[in-house]
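Undergrad: Just dropping this structure here.
The values are calculated or read from the model by the stated rules, or taken from the named source; none is laboratory data. Every value quoted in this text rests on a predicted model; they were computed, and no experiment measured them. Positions of Cβ are backbone-derived with ideal geometry, glycine not excepted, and every protein chain shown enters the neighbour counts.
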Amino acid sequence: MIVRHLTLSDFRNYAAADVELAPGTNLFIGRNGQGKTNLVEAIGYLSTLGSHRVSSDQAMIRAGRDSAIIRTRLEHNGRDLLAEVQINRSTPNRAQVNRGQIKPRELPRYFSSVLFAPEDLGIVRGDPSARRKFADQLIVLRTPRMAGVYADYDRTLRQRNTLLKSARGSGLKESQLSTLEVWDDKLITLGTEIIGARSRLVAELAAPLQDAYRSVVGDDHGPRISLIMSVDGVDADDDGFPNAPAPASAASGASGSVGSGSGYASDGVGSTASATDGSGAALPTPAEVTEAFRRRIAERRRAELDRGVTLVGPHRDDLLFELNGLPVKGYASHGESWSFALSLKLASAELLRRESNLGDPVLILDDVFAELDQSRRRRLAEAISGYEQVLITAAVLDDVPEQLTARTVRIAAGEIVGTSDNAVLSDGPTDNSSDSAVATETDRG
């Protein structure tokens with residue numbers, strides 16, 4: 001799939017912008033702070049429903065405006081599709097596909113992209129929440145129905161936490177205990193599905209991650225990824241994982257655990273009856289994960305009541321990244337961490353292109369080449385050469401290998417000021433912008 005056209009209204013520093021894009025590589029050039037990243041951020045938002053830079057949608061709406069619009073014309077196998085989203089400051093966001101209303105969370109069914117930016121170093125070096133977000137966004141891109149599972153899990157978690165806080169303040173009554181058990185069941189059912197999706201993802205990323213790291217670095221440092229689960233007794237948010245090697249109970253599947261870095265066989269996301277982990281060992285079943293989940297909740301009941309918060313579940317899990325047998329976080333150099341994070345995204349793109357019926361994901365590299373030496377720039381250019389469409393931003397043209405500079409778009413102060421002969425650009429809205437019901441609603445507002 002490729003993006004043929006991007007239209008923005010009141011997005012970041014753009015009052016209005018139109019960009020015609022082409023297959024292959026499209027390079028956005030401009031000094032820092034001019035608006036290059038805003039363009040690719042908008043495209044990435046359509047597939048993840050989030051920004052790689054901020055946690056709130058509000059920052060993407062231009063100052064003084066009530067909403068922002070992202071509209072794209074997509075193309076796959078000669079067929080066009082118009083996808084758009086309206087980001088609202090005070091009301092729920094809205095989305096359309098071919099001018100028909102859909103739920104925003106359904107957009108990943110129609111478009112997928114993989115974006116790598118300097119902020120993604122936080123996946124490797126940051127808190128567990130950054131690694132959970134990475135895994136969960138990729139899971140939804142692969143299996144869009146999982147967006148509903150995550151939403152249901154979050155609602156269940158909030159309800160359960162509310163009950164725990166109430167019990168902490170007033171003491172647990174008999175009626176509250178039975179209610180808590182109901183929320184236990186819901187949490188376990190939804191959480192087991194999320195754990196399964198994450199653990200299968202970890203197993204399936206293993207080989208593409210090794211290939212991607214080797215292609216970027218030119219050497220094999222044994223990149224490895226595994227899943228650290230609270231149902232195995234390791235609380236990433238409390239224990240500070242993964243700054244130290246995994247304890248034996250989590251790493252080796254000791255008694256009472258379901259194992260680290262594992263998934264399970266079911267009829268769910270991306271699984272088969274003979275599913276295995278990266279080493280070829282059989283994965284635990286949903287029943288085994290459910291049993292471990294329920295047992296761990298019972299063991300942590302008193303601590304949960306004392307603290308008024310849920311301490312077991314996928315919201316307390318983490319991913320452990322390793323190079324040469326040591327955790328990347330706390331041991332790897334800046335360059336190694338950067339290369340590992342980039343390899344994660346390239347491996348993600350490879351997974352998506354293997355199984356998607358939409359063609360290749362759009363690969364987005366935001367200010368990547370400035371961080372790489374000449375040899376790694378050359379290897380990265382070779383690694384991405386086969387993708388249907390690649391969008392690159394850079395502040396300095398000389399940072400980008402020459403074979404990636406044939407199509408360039410120059411950006412200054414939130415305006416498109418120049419382009420190569422292979423792309424067509426304008427500074428105002430296109431004719432089809434007025435046809436959108438989303439745009440019409442914004443104009444009336």
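Undergrad: May I ask you to list the residues in region 44-62 that are in a helix (DSSP H, G or I) and surrounded by 15 or more Cβ atoms within 10 Å (Cβ to Cβ)?
TA: If the condition is that a residue be in a helix (DSSP H, G or I) and surrounded by 15 or more Cβ atoms within 10 Å (Cβ to Cβ), then Gly44, Tyr45, Leu46, Ser47, Thr48, Asp57, Met60 are the ones that fit.
Undergrad: Consider Arg160 carefully, then state whether it is in a helix (DSSP H, G or I) and over 15 Å from the mean Cα position of the chain (by Cα).
TA: The answer is yes for Arg160.
Quick grid of which residues meet (1) surrounded by 21 or more Cβ atoms within 10 Å (Cβ to Cβ); (2) more than 22 Å from Thr143 (Cα to Cα); (3) at pLDDT below 95; (4) not polar (S, T, N, Q):
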position: Pro314; (1), (2), (3), (4): yes, no, no, yes
position: Phe321; (1), (2), (3), (4): yes, yes, no, yes
position: Gly330; (1), (2), (3), (4): no, yes, yes, yes
position: Gly335; (1), (2), (3), (4): no, yes, yes, yes
position: Leu344; (1), (2), (3), (4): yes, no, no, yes
position: Arg353; (1), (2), (3), (4): no, no, yes, yes
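Undergrad: Another question, then. Tell me the helices (runs of 4 or more DSSP H) entirely within region 283-396 that contain at least 2 residues that are under 28 Å from Phe111 (Cβ atoms) and touching a residue at least 60 places away in the same chain (Cβ under 8 Å).
TA: Per the criteria, 334-355, 374-383.
Undergrad: Moving to a separate point now. Among (1) surrounded by 21 or more Cβ atoms within 10 Å (Cβ to Cβ); (2) more than 22 Å from the chain's Cα centre (by Cα); (3) at pLDDT 90 or above, where does Ile416 come up short?
TA: (3)
Undergrad: Could you say which residue among Arg99, Arg94, Arg142, Arg168 is modelled with pLDDT under 95, within 30 Å of Lys36 (Cα to Cα) and either over 16 Å from the mean Cα position of the chain (by Cα) or surrounded by fewer than 18 Cβ atoms within 10 Å (Cβ to Cβ) (or both)?
TA: Sole residue among the options that is modelled with pLDDT under 95, within 30 Å of Lys36 (Cα to Cα) and either over 16 Å from the mean Cα position of the chain (by Cα) or surrounded by fewer than 18 Cβ atoms within 10 Å (Cβ to Cβ) (or both): Arg99.
Undergrad: Here's something else I'd like to know. Counting only residues that are of a type outside the set (Ser, Thr, Tyr) and outside any helix (DSSP H, G or I), how many does region 138-157 have?
TA: 2
Undergrad: Now, a different point. Scan region 81-112 residue by residue and report those that are part of a helix (DSSP H, G or I) and of a type outside the set (Lys, Arg).
TA: Across region 81-112, the qualifying residues are Pro104, Glu106, Leu107, Pro108.
Undergrad: In addition: I need a count of the residues in region 318-368 that are under 26 Å from Gly191 (Cα atoms), under 16 Å from the mean Cα position of the chain (by Cα) and of a type outside the set (Gly, Ala, Ser).
TA: 6
Undergrad: For residues that are surrounded by 15 or more Cβ atoms within 10 Å (Cβ to Cβ) and at pLDDT below 90, tally how many sit in region 371-404.
TA: 2
Undergrad: Quick check on my filter: what residues within region 68-80 are loosely packed, with under 12 Cβ neighbours inside 10 Å and outside any loop (DSSP other than H, G, I, E, B)?
TA: Passing the criteria: Arg79, Asp80.
Undergrad: Check Arg132, Arg65 and return the single one that is of a type in the set (D, E, K, R), touching a strand residue (DSSP E or B) at 6+ places or on another chain (Cβ under 9 Å) and either in a loop (DSSP other than H, G, I, E, B) or in the same structural domain as Phe28 (by TED's automatic domain parsing) (or both).
TA: Result of the check over Arg132, Arg65: Arg65.
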